[in-house]
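The values are calculated or read from the model by the stated rules, or taken from the named source; none is laboratory data. Not measured: the values here are computed from a predicted model. Cβ atoms come from the backbone with ideal geometry, glycine included; neighbour counts cover every protein chain shown.
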Amino acid sequence: MSAEIPEVESVSGTGVAIRGNDIDTDQVIPARFMKVVTFDGLGQFAFFDQRFTDGDEEKDHPMNEPAHREASVMVVNANFGCGSSREHAPQALMRWGIDALIGESFAEIFAGNCLALGIPTVEADEETIEDLQSWVEANPDGEIEIDVASETVTYGDRTVDVSVDEAQRRALVDGVWDTTALMKANAGEVRRTAEELPYVDLDGD
Amino acid sequence: MSEGTLYDAVWDRHRVTTLPTGQDQLFVGLHLIHEVTSPQAFGMLEERDLEVAYPELTHATVDHIIPTADQSRPYSDDAAERMMVELEENVREAGIEFSDPGSGDQGIVHVIGPEQGLTQPGKTIVCGDSHTSTHGAFGALAFGIGTSQIRDVLATGTVAMEKQKVRKIQVDGELPTGVEAKDVILEIIRRLGTEGGVGYVYEYAGSAIESMGMEGRMSICNMSIEGGARAGYVNPDETTYEWLAETDYFRENPEKFDELEPYWESIRSDETAEYDDVVRIDADELEPVVTWGTTPGQGVGITQPIPAPEELPADKQDTARRAQEHMRVEPGETMEGYPIDVAFLGSCTNARLPDLRRAAAVVEGRQVHEDVRAMVVPGSQRVQAAAETEGLRETFERAGFEWRNAGCSMCLGMNEDQLEGEEACASSSNRNFVGRQGSKDGRTVLMNPRMVVAAAINGEVTDVRTLPEVTAR
Ligand code: SF4
């Protein structure tokens, strides 16, 4: 298998602001779109019920605005991605075009799922987020740069401090977020750990 | 950091190494899979030409998309059929045991694991499903994982995780009549918030938890995730062991029971264990809790007024305002009398045999309100069969409930069981998010199973304690 895991030291692009606390994964990707066996094509269903009416007409939603269609940085509020463990949620956002999220806070499984895709979820306080969201709304084509390594976000003429979970930061910056490759290398130790456990019955033992 | 807790003990026994990211690589003792979150992971495995490392520690079921009425193949929904076929192929190729509908063992993943004795104290258990926390009721360390992590577990038998803090939630006292495990967990989430548990694992302890049966403990651990905690557990005790002894695994391997008991005893939290936080709850003060909003933390005692958004912490006000608009509830009122159109008794929170028994006792001799569509969806085929043998099916059907086959059903509306339009549903499930039950205008009120059937009978949210049968516990 390939050991080429890209390092994600920084992400840049234009932004889109999704306002509101406690935005759950059922909103990010409604369950009816999860009846799929691959993640391909999920992008169009991201935030579907917020973006479209029952008759599939476009509603007023930042992701529908032409100015935000190319956005790659999503700016959100608190507890974003709460609810289910569905990786369909970050997959849908990624396939819509999102490469990074900045928010007040993220649900843990959601952030973990993002990391597995190489998508940083960086955090900042309420005021910083509010300022950034307003700026994004006023400057849809303005460039935002997230420096994961130094934990800063630069937009317009401002640079603000953000925080990145330490394990996430190391994983992204050192290019070790593909845990399958990392952990596969320890197969021998895994087996020894397993054999020490009283309840484990392995085939071929 | 915590010390001497079950969490610490189980973590240490399963830690393989520390990864360059600073995360620990943990061995996974049981990997449960279902049709919605596993196919993409198998796809990723194939892309990289990897095999399933420990098929013997993996077990599959089908639950989310399975129709609960006509289950003849091919399923009438093409997408559901495709997902089922994909799962069948994946488990066959990898040599993974599959509790398929033909086996009589199929059901919701968090019901069948414990039922078959796969769930055991001191195991690490993962599944691509956030309610994997349910298995913690047995003193297992169990948590939901995303699809990339499923790939990790399939390929390596391990998962990368950061150790969390441990909060002990001490529930002492005796639950009053009509109040059950579901109310305890709704109350916990109401008090600590849906984010309160982020970064924590919850240890549920205290006399009220100890006197609870395994099913009640499962209902509580199930909703740890709604409180933001990725895992929750109860230390194993005699109640746990009695339950285990009756499961397939230990009936078939009775010698294993004696062999493993010392291990189970060894992982229990010490008397002197240190916790990162302790929260105390007085069981005697509780009453049935129902939700008034669109997150599981927006709950209220049945006789208590719905809070005004401005009474809530600043960061909750906006969500509360939107929720009250969606639910069409007014602050100051109670939820009692809130009209409902649908009653759903099911899900991995509350569709085990004792849940159905308690609910049936309320239903006996009564009729579902003429404006209500009511259904019972047992958590597994075994629950269903046992309930039918006991005559519970007849009780429900006579009263006008639909009796369905096992699956997730209207808990998330991935099959044909869905809310329509603005219907309001009294639901024994765990999530009341907008759109959760299949209609984005639908309204979900979470409550305990007896409250669900009481609502079905009266056509409105009802304090089950006002019904005479309930006084005889
Ligand atoms: S019953 Fe509901 S919560 Fe439980 S596994 Fe199924 S969909 Fe998830």
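Out of all the residues in segment B:89-104, which are within 16 Å of the ligand (Cβ to nearest atom) and not in a helix (DSSP H, G or I)? Talk me through it step by step, then tell me what you get.
Here is the first cut: in segment B:89-104, the residues within 16 Å of the ligand (Cβ to nearest atom) are B:99, B:101.
Scanning segment B:89-104 gives a single hit, B:Ser99.
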Run B:Glu81 past the list (1) part of a helix (DSSP H, G or I); (2) at the interface with another protein chain (Cβ under 7 Å from one of its Cβ atoms); (3) within 26 Å of B:Glu416 (Cβ to Cβ) and report the number of the one that doesn't hold. (2)
Looking at segment A:38-77 only, could you name the residues that are polar (S, T, N, Q) and away from every other protein chain (no Cβ under 12 Å)? A:Gln44, A:Asn64, A:Ser72
Unique match (being crowded, with 20+ Cβ neighbours inside 10 Å and modelled with pLDDT of 95 or more) among B:Val153, B:Val85: B:Val153
Whether any residue in segment B:404-414 is modelled with pLDDT of 95 or more and surrounded by fewer than 24 Cβ atoms within 10 Å (Cβ to Cβ) is what I want to check. yes
Would you check which residues across segment B:169-195 are over 16 Å from the mean Cα position of the chain (by Cα) and either on the phi > 0 side of the Ramachandran plot or free of Cβ contacts under 8 Å to residues at least 60 places away in the same chain (or both) and list them? B:Gly173, B:Gly178, B:Gly193, B:Glu195
It is to be established whether one or more residues within segment B:161-169 are within 24 Å of B:Asp355 (Cβ to Cβ) and modelled with pLDDT of 95 or more. yes
Could you go through segment B:242-251 and let me know if any residue there is aliphatic (A, V, I, L, M), in contact (Cβ under 8 Å) with a residue 40 or more places away in the chain and outside the structural domain of B:Phe143 (by TED's automatic domain parsing). yes
Give just the number: which of (1) part of a loop (DSSP other than H, G, I, E, B); (2) within 13 Å of chain B (Cβ to nearest Cβ) does A:Met94 not satisfy? (1)
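Just the residues that are small (Gly, Ala, Ser) and either within 13 Å of the chain's Cα centre (by Cα) or not in a loop (DSSP other than H, G, I, E, B) (or both), please, taken from segment A:68-84.
Here is the first cut: in segment A:68-84, the residues small (Gly, Ala, Ser) are A:71-72, A:78, A:81, A:83-84.
Answer for segment A:68-84, where residues must be small (Gly, Ala, Ser) and either within 13 Å of the chain's Cα centre (by Cα) or not in a loop (DSSP other than H, G, I, E, B) (or both): A:Ser72, A:Gly81.
Among B:Gly113, B:Gly146, which is the only one that is in contact (Cβ under 8 Å) with a residue 12 or more places away in the chain, within 8 Å of chain A (Cβ to nearest Cβ) and within 16 Å of the ligand (Cβ to nearest atom)? Working first, answer last.
Details: B:Gly113 fails: within 8 Å of chain A (Cβ to nearest Cβ).
The conditions single out B:Gly146.
Out of the residues in segment B:435-447 meeting the condition of being assigned to a loop (DSSP other than H, G, I, E, B) and buried (at least 24 other Cβ atoms within 10 Å of the Cβ), tell me which one is nearest to the chain's Cα centre (by Cα).
Let us first name the residues in segment B:435-447 that are assigned to a loop (DSSP other than H, G, I, E, B), namely B:435-442, B:447.
This time we only want the ones that are buried (at least 24 other Cβ atoms within 10 Å of the Cβ), so: B:436-437, B:442, B:447.
Numbers: B:Arg436: 15, B:Gln437: 16, B:Gly442: 21, B:Met447: 13 Å.
In this case the residue turns out to be B:Met447.
Being surrounded by fewer than 24 Cβ atoms within 10 Å (Cβ to Cβ) and under 28 Å from B:Met161 (Cα atoms) is the filter; apply it to segment B:181-201 and report the residue that is farthest from the other protein chains (Cβ to nearest Cβ). Outline the logic, then answer.
Here is the first cut: in segment B:181-201, the ones surrounded by fewer than 24 Cβ atoms within 10 Å (Cβ to Cβ) are B:187, B:190-193, B:195-196, B:198-199.
From what's left, under 28 Å from B:Met161 (Cα atoms): B:190-193, B:195-196, B:198-199.
Numbers: B:Arg190: 14, B:Arg191: 17, B:Leu192: 13, B:Gly193: 9, B:Glu195: 5, B:Gly196: 11, B:Val198: 6, B:Gly199: 7 Å.
Top of the filtered list is B:Arg191.
Can you tell me how many residues within segment B:1-60 are among the charged types (D, E, K, R), more than 8 Å from chain A (Cβ to nearest Cβ), outside any loop (DSSP other than H, G, I, E, B) and free of Cβ contacts under 8 Å to residues at least 60 places away in the same chain?
Of the residues in segment B:1-60, the ones among the charged types (D, E, K, R) are B:3, B:8, B:12-13, B:15, B:24, B:35, B:46-49, B:51, B:56.
Now restrict to residues that are more than 8 Å from chain A (Cβ to nearest Cβ): B:3, B:8, B:12, B:24, B:35, B:46-47, B:51.
With outside any loop (DSSP other than H, G, I, E, B) added as a condition, the list becomes B:3, B:8, B:12, B:24, B:46-47.
From what is left, the residues that are free of Cβ contacts under 8 Å to residues at least 60 places away in the same chain are B:12, B:46-47.
Looking only at that region, the number is 3.
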Could you go through segment B:352-360 and let me know if any residue there is part of a loop (DSSP other than H, G, I, E, B), in contact (Cβ under 8 Å) with a residue 12 or more places away in the chain, surrounded by fewer than 21 Cβ atoms within 10 Å (Cβ to Cβ) and outside the structural domain of B:Gly227 (by TED's automatic domain parsing). no
Residue in segment B:397-425 that is farthest from the chain's Cα centre (by Cα), counting only those that are of a type in the set (A, V, I, L, M) and more than 16 Å from the ligand (Cβ to nearest atom): B:Ala399
Pairs with Cβ under 9 Å, 6+ apart, first in segment B:403-418 and more than 15 Å from B:Gly435 (Cα to Cα), second hydroxyl-bearing (Ser, Thr, Tyr) and more than 10 Å from the ligand (Cβ to nearest atom): B:Arg404/B:Thr68; B:Asn405/B:Thr68; B:Ala406/B:Thr68; B:Ala406/B:Ser380; B:Gly407/B:Thr68; B:Cys408/B:Thr68
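Return the only residue of B:Arg465, B:Arg450 being more than 13 Å from the ligand (Cβ to nearest atom), part of a helix (DSSP H, G or I) and within 19 Å of the chain's Cα centre (by Cα). Give the steps one after another, and end with the answer.
Details: B:Arg465 fails: within 19 Å of the chain's Cα centre (by Cα).
Going through B:Arg465, B:Arg450 in turn, the sole match is B:Arg450.
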Across segment B:313-340, what is the total count of residues that are at pLDDT 95 or above and in a loop (DSSP other than H, G, I, E, B)? 12
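Across segment A:73-107, what is the total count of residues that are within 16 Å of the ligand (Cβ to nearest atom) and over 13 Å from B:Gly146 (Cβ atoms)?
So the answer is 1.
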Tally time: how many residues in segment B:229-252 are away from chain A (no Cβ under 14 Å) and among the basic types (Lys, Arg)? 1
Here is a list of conditions, (1) among the polar types (S, T, N, Q); (2) within 23 Å of B:Ser439 (Cα to Cα); (3) assigned to a loop (DSSP other than H, G, I, E, B), and A:Gln50 meets all of them except one; can you say which number that is? (3)
Looking at (1) at pLDDT below 95; (2) of a type in the set (A, V, I, L, M); (3) out of contact with any Pro (no Cβ under 7 Å at 6 or more places or on another chain), which is the one condition that is false for A:Met94? (1)
Being under 29 Å from A:Ser84 (Cα atoms), out of contact with any Cys (no Cβ under 7 Å at 6 or more places or on another chain) and more than 7 Å from chain B (Cβ to nearest Cβ) narrows it down to one residue among A:Gly103, A:Gly112, A:Gly156; which is it? A:Gly103
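For the subset of segment A:16-37 comprising residues that are of a type in the set (Gly, Ala, Ser) and not in a loop (DSSP other than H, G, I, E, B), which member is farthest from the other protein chains (Cβ to nearest Cβ)? Explain how you work it out, then say what you get.
Start the filter on segment A:16-37 by keeping residues that are of a type in the set (Gly, Ala, Ser), which leaves A:17, A:20, A:31.
Add one more test, that the residue is not in a loop (DSSP other than H, G, I, E, B), and what stays is A:17, A:31.
Values: A:Ala17: 15, A:Ala31: 5 Å.
Out of the qualifying residues, it is A:Ala17.
Filter the helices (runs of 4 or more DSSP H) completely within segment A:113-205 down to those with at least 2 residues that are modelled with pLDDT of 95 or more and surrounded by fewer than 22 Cβ atoms within 10 Å (Cβ to Cβ). So that I can check it myself, show each step before the final result.
Details: elements: A:126-138, A:166-173, A:179-184, A:187-196.
Correct list: A:126-138, A:187-196.
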